[in-house]
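Shown next, in C-alpha cells, is the structure this report addresses.
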Amino acid sequence: MIEHAWLIPLLPVIAFGLVLLFGRKAPGNGAYVAIAAICASLAMSLAVAFQWFLGGASAAHNGLYSVTIQWMPVGSQMIDMGFSIDALSVVMLLVVTIVASLVQIYSIGYMHGDPRYPRYFAYHSLFAAAMLTLVIANNVVLMFMSWELVGLTSYLLIGFWFERPSAMRAAKKAFLVTRVGDVGFLAGIILIYLKTGSLNLFGDAGVFENLTRLDVIGPWGLPLTAIAGLLLFCGAVGKSAQFPLHVWLPDAMEGPTPVSALIHAATMVAAGVYLVARMYPVYLADSSGMALQVVAYVGAFTALFAATIGIAQNDIKRVLAYSTVSQLGYMIMSLGVFGYVAGMFHLFTHAFFKANLFLGSGSVIHGTGTQDIREMGGLKKKMPWTYWTFLISTLSLCGIPFVTAGGWSKEEILAVAWHTNRVVFVVGVLGAFTTAFYMFRLVYKTFYGEPRKHDIHAHESPRVMLVPLVILAFLAIFAGYVGTPWANVFERNLVPVLGHHYEQVLENKLAGMHHGFNLTVFLFATGSALLGIFMATIIWLKPVLRIEKLEPSFGWLAKLVENKYYIDEIYQATIIRGLMAAAWLAFAFDKWVIDYAIVNGVGYLTRLASDLWGWFDRTFVDGLVNIIGWITKTTGSALRYLQTGVAQHYIFLLVSALVVISLAVIAGHIREEAWIPIAGFYR
Amino acid sequence: MSHSAYGIPITWFLTLGAMLFCIGLFGMMVRRSAIGMLLSVELMLNAANINFIAFGSYLKLPTIAGQIFAIFVITLAAAEAAVGLAIVINIYRLEQHVDVDKMTAMKL
C-alpha cells in the first residue's frame with residue numbers, strides 16, 4: 001500500500017473534477033462522490049498507517065519511504081516531484097483524512113438545501129487533495145504548490161457565501177494576509193535551494209543532507225541557516241495565524257462552519273506547524289538557536305494573546321477561532337522549545353477536539369439560527385448530543401489530565417518548556433488558565449441557564465451531523481493514549497523522522513530532561529486548567545463574582561480585549577492606510593507623470609511633427625504633383641488643337657514634317673559634300 | 001553614261017513621278033470630297049508606278065521586277081478603289097453627302 005500512497009491525494013482530485021462538472025447529476029448532488037473519494041483516501045491512509053507502524057514497513061524502509069519522478073526541466077535543473085512516507089506524513093495523513101471525511105459527512109446535513117451544494121463538496125475535495133499532497137510531498141516546490149492550493153481553497157470556502165459582503169471581505173483578507181507569509185516561505189525555499197542546490201528534501205543530494213552548506217554568515221551577522229528558518233517560519237506565521245498575521249483567521253469564520261472546522265481549525269492552519277516540523281532539521285542545524293527562539297516567543301505570545309481576546313468575544317465561532325489561534329501558538333511555541341514531538345502531538349489531538357468543537361458550534365448554529373452566545377442559553381436539554389460532545393472536547397481543550405487527549409499533549413508541551421525555557425513555560429501555564437476560563441464561559445453561556453431569547457426554538461441536529469460529532473468526541477478522549485508519558489509510542493516513532501544526525505542534536509538539546517511523568521508540570525497544568533474552570537463557574541454559572549462589580553476597575557481592559565487589542569484598527573491605520581497612500585502616490589505618478597507628461601507629451605509632439613510634415617506634404621509634395629499635372633493638362637489642351645479629327649490636316653502635318661525632314665537631310669548631305677556621288681549620276 | 005530605254009535620262013521620269021505624287025498629295029490635302037481623295041490616291045499610286053518602271057528599265061538587269069511591282073500596285077489600286085468606292089457609296093446613301101469634313105460619326 002505504501003508504494004501506492006500517491007493515490008491518497010489523487011482520488012479527491014478526481015472527485016473534485018467529477019463533482020465540479022457533473023455535481024448536479026451525481027448521486028447525492030455530488031456529496032456522495034466527494035465522500036466516497038475521501039473515505040477511500042481514509043481507508044488507504046489507515047492501511048498505510050497499519051503497514052507502517054504495525055506491519056514493520058517502517059523498519060523495512062529504514063524510517064523513510066520516498067519516491068521521486070522527474071517533473072519539469074527548468075534550464076539545466078530538473079525539478080522533481082514525489083512523495084515520501086514517514087511517521088510525520090502518516091500522522092498528518094490520518095489527521096487530514098479522518099477529519100475531512102467526518103466533516104464532509106457532517107456537511108451533508110449542515111449544507112442541506114444550499115444553492116451551491118455541489119460546488120461546496122468540489123472545493124472540499126480540492127482542499128483535501130491539496131492538503132494530502134502537502135503532507136506527503138518530498139519536494140519543496142511541490143510543497144509550495146500544494147501550500148498555495150490549500151490557501152486558494154481556503155479563500156474559496158471562506159467566501160463561499162460571497163453574496164455577503166463580510167464573507168467576501170474575509171476571504172480577500174485571508175488570502176492577502178497569508179500571502180504576506182508565503183512570500184517569506186518562497187524566499188526561504190530560494191535561499192535553501194541556492195545554498196544546498198537541491199529542492200528535494202531527502203536523499204544524499206537532498207536538502208537535509210546538505211544543510212552544512214547553509215551554515216554561512218549572512219547579512220546582519222545572522223547565520224544563513226537562521227535566516228532560512230525564519231523565512232520558512234514566515235510561511236507558518238501566515239498559514240497558522242500567528243501574531244502578527246493572525247488577523248485573518250477570526251474573520252475566516254464567515255465561511256460555512258464545517259469549513260471552519262476542517263480548514264480553519266483542524267488541518268490547514270496546522271499546515272504551518274507541519275511545515276516547521278517538516279523542516280525541523282533546518283532549525284536544528286541553526287547553531288545560533290536564534291530561529292527557534294523567535295519561533296518559541298512568537299508562539300508563546302500568540303498563545304496567550306489570542307486566549308485573552310477569546311474571553312471577550314460573543315460570537316461562538318469567533319471564540320473558537322481565537323482559541324484556535326491560541327492553540328496553534330501553543331504548537332509553534334512547543335516546536336520553538338525543542339518540543340518537536342509535543343508540538344506534533346498537540347497538532348494531532350487538537351485536530352480532533354477542535355474540529356469537534358467547531359462542528360458542535362455548527363450544530364448549535366444550525367439548531368438556533370444565531371451565532372451570538374448572548375442570545376443562547378439553556379441548550380443543554382434541547383441539544384443533549386451536541387452538549388455532551390461539546391463538553392468532552394472542551395475538557396480536552398482545557399487539558400483535563402488522564403481522561404482527555406488534550407491533557408496529554410498539553411502536558412507534554414509544558415514539560416518540554418519546563419525543561420528548556422521557563423519564560424515560555426509560565427506563558428503556557430497562563431495560556432492554559434485563560435483557555436479553560438474562556439471555554440467554560442462559552443459552555444455556560446451557550447448550554448446553561450435559561451434561554452435568553454424566546455423566539456429561538458432550538459432543536460437537535462439531524463443524525464448525519466451527530467455521528468461525526470460522536471466519533472470526534474471519542475477521538476478527543478482516546479487519541480491521546482498514543483502519547484502518554486509512560487508509553488510514548490508517538491515519540492518513539494516521530495523522532496527518527498529527523499534522521500540520525502538531527503535526532504542526536506535534538507537528544508542533546510533535551511539532555512537531562514525527565515522523561516515520563518513530571519509531577520510539577522502536572523500540578524501546574526492541571527491546576528491552571530481547574531482554576532480557569534472554577535473562575536468561569538463563579539462568574540457565569542453561579543454568579544458569586546458579579547461582572548458588574550468588576551466593571552469599574554477592569555472596564556478599560558475589557559474594552560481593549562473585546563476590540564482584539566485594536567490590532568485590526570492598527571493595521572487599518574498603518575499598513576492599509578500606508579498601502580493606500582502608496583497606491584494613491586503610484587496612481588498620481590501614473591496619471592500625471594506617465595499618462596500626462598510622457599504619454600500625452602509624446603502624443604502632442606508626434607502630432608506637432610505630423611502637422612509640420614503634413615504641411616510640407618500638402619505644400620511641396622502635393623504642389624509638385626499638381627504642377628506636373630498642370631503642365632500635362634496645359635500642354636494637352638494646347639496640343640488638343642492639333643487633333644482635329646480631319647484627315648487632311650493630319651496629311652498636311654505629315655507632309656510638312658516630311659518636307660522639313662527632307663530639307664534637313666539634304667542640307668546635311670550638302671554640308672558633308674555628299675552631293676558628289678549623287679551628282680555622279682549626271683555624268 | 002546615262003542609260004535609259006529610249007535615251008531619256010531617268011531624271012525626267014523621276015521628276016514626272018514626283019510631280020504626279022505632289023499633285024496627288026495636294027489633292028489629298030485639299031479635296032473635301034471623298035471621291036476626289038480617292039482620285040488623288042490613284043494619282044500617287046501611279047506616280048509610284050512610274051518610278052518602279054523607270055528604275056526597272058534603268059537598272060538594265062534581266063528582270064521585269066519593276067513591271068511586276070507596277071502590276072501589283074495596279075491590282076492593289078483596283079481593290080482599294082473598289083472598297084473605297086463601296087464605302088463612299090454607302091456613306092452617301094446614309095448621309096446624302098461625301099464631304100469628309102462632315103464624316104464625324106466615329107469621333108468621340
Per-residue ³J(HN,Hα) for the range A:635-640, Karplus 6.51 cos²θ - 1.76 cosθ + 1.60, θ = phi - 60°, Hz, x for Gly and Pro: 4, x, 6, 6, 6, 3
For A:Thr526, net neighbour charge (Lys/Arg +1, Asp/Glu -1) across residues whose Cβ lies under 15 Å away: -1
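Which order do the peptides A:590-603, B:88-101 take when ranked by the mean count of other beta-carbon atoms within 10 Å per residue, highest first?
On the way: A:590-603: 11.5, B:88-101: 13.2.
The most tightly packed comes first, giving B:88-101, A:590-603.
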Charge dipole of the protein assembly as shown about the Cα centre (unit charges at C-beta), most positive-ward option of A:Val140, A:Leu7, A:Ser76: A:Leu7
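Convert 4 °C to kelvin, take the viscosity as 1.567 mPa s, use the Kirkwood radius over C-alpha pairs of the range B:10-95 as Rh, and evaluate the Stokes-Einstein diffusion coefficient in µm²/s, rounded to a whole number. Numbers along the way, then the final one.
Values: Rh = 13.9 Å.
Reported coefficient: 93 µm²/s.
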Using alpha-carbon coordinates, inclination of helix A:316-336 to the longest axis of chain A, degrees: 90 degrees
Whichever lysines have a C-alpha closer than 19 Å to that of A:Lys564, once near sequence neighbours (fewer than 8 apart) are set aside: A:Lys173, A:Lys317
For the range A:511-547 and the range A:195-265, distance of Cα centres in Å: 32 Å
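In what sequence, highest mean first, do A:414-423, A:192-201 appear when ranked by Cβ atoms within 10 angstrom?
On the way: A:414-423: 21.7, A:192-201: 19.9.
Final packing ranking: A:414-423, A:192-201.
Only four residue types carry charge here, +1 at the Cβ of Lys and Arg and -1 at the Cβ of Asp and Glu. Report the dipole size of the range A:402-520 about the Cα centre in Debye, rounded to the nearest 20. Numbers along the way, then the final one.
Values: 9 positive and 8 negative charges, 64 e Å.
For this selection, approximately 300 debye.
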Charge dipole (the protein assembly as shown, unit charges on Cβ, about Cα centre) - positive-most of B:Pro9, A:His350, B:Ala78: A:His350
Whole-Hz ³J(HN,Hα) from phi, Karplus 6.51 cos²θ - 1.76 cosθ + 1.60, for the range A:91-106, glycine and proline x: 4, 5, 4, 5, 4, 5, 5, 4, 5, 5, 5, 5, 5, 5, 5, 4
Nearest-ten-degree value, helix B:65-95 long axis tilted from longest Cα axis of chain B: 10 degrees
Inter-label distance, nm, simple model (7 Å from Cα along the C-beta direction), A:Ala609/A:Val625: 2.3 nm
Hz values of 3J(HN,Hα) by residue in the range A:235-248 - Karplus curve (6.51, -1.76, 1.60), Gly and Pro given as x: x, 5, 4, x, 6, 8, 6, 8, 4, x, 9, 7, 5, 6
Simple Cβ-charge dipole of chain B, Lys/Arg +1 and Asp/Glu -1, about Cα centre, in debye nearest 20: 60 debye
Inter-probe distance in nm under a simple model that places probes 7 Å from Cα toward Cβ, at A:Phe517 and A:Ala573: 5.2 nm
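Report, in debye and to the nearest 20, how large the dipole of chain A comes out about its Cα centre when Lys and Arg carry +1 and Asp and Glu carry -1 on their Cβ.
On the way: 42 positive and 36 negative charges, 308 e Å.
Magnitude of the dipole: close to 1480 debye.
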Span per principal axis, largest first, for the Cα atoms of the protein assembly as shown (Å): 169, 65, 54
Distance between modelled label sites at B:Thr15 and A:Val599, nm, 7 Å Cα→Cβ extension: 9.8 nm
Dipole axis of the range A:332-467 (+1 Lys, Arg; -1 Asp, Glu on Cβ), positive-most option in A:Gly378, A:Val424, A:Phe440: A:Gly378
Helix axis angle, A:463-478 relative to chain A longest principal axis, alpha carbon, degrees: 60 degrees
Alpha-carbon centroid distance for the pair the range A:300-369 / the range A:596-630, whole angstrom: 74 Å
Pairwise centroid distance, computed over Cα atoms, of the range B:58-91 with the range A:85-150, Å: 114 Å
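Each reported figure results from applying straightforward, stated rules to the coordinates on display, with no laboratory input. Just so we're clear, the structure is a prediction, and the values are computed from it rather than from any experiment. Here Cβ is always computed from backbone atoms with ideal geometry, including for glycine, and neighbour counts include all displayed protein chains.
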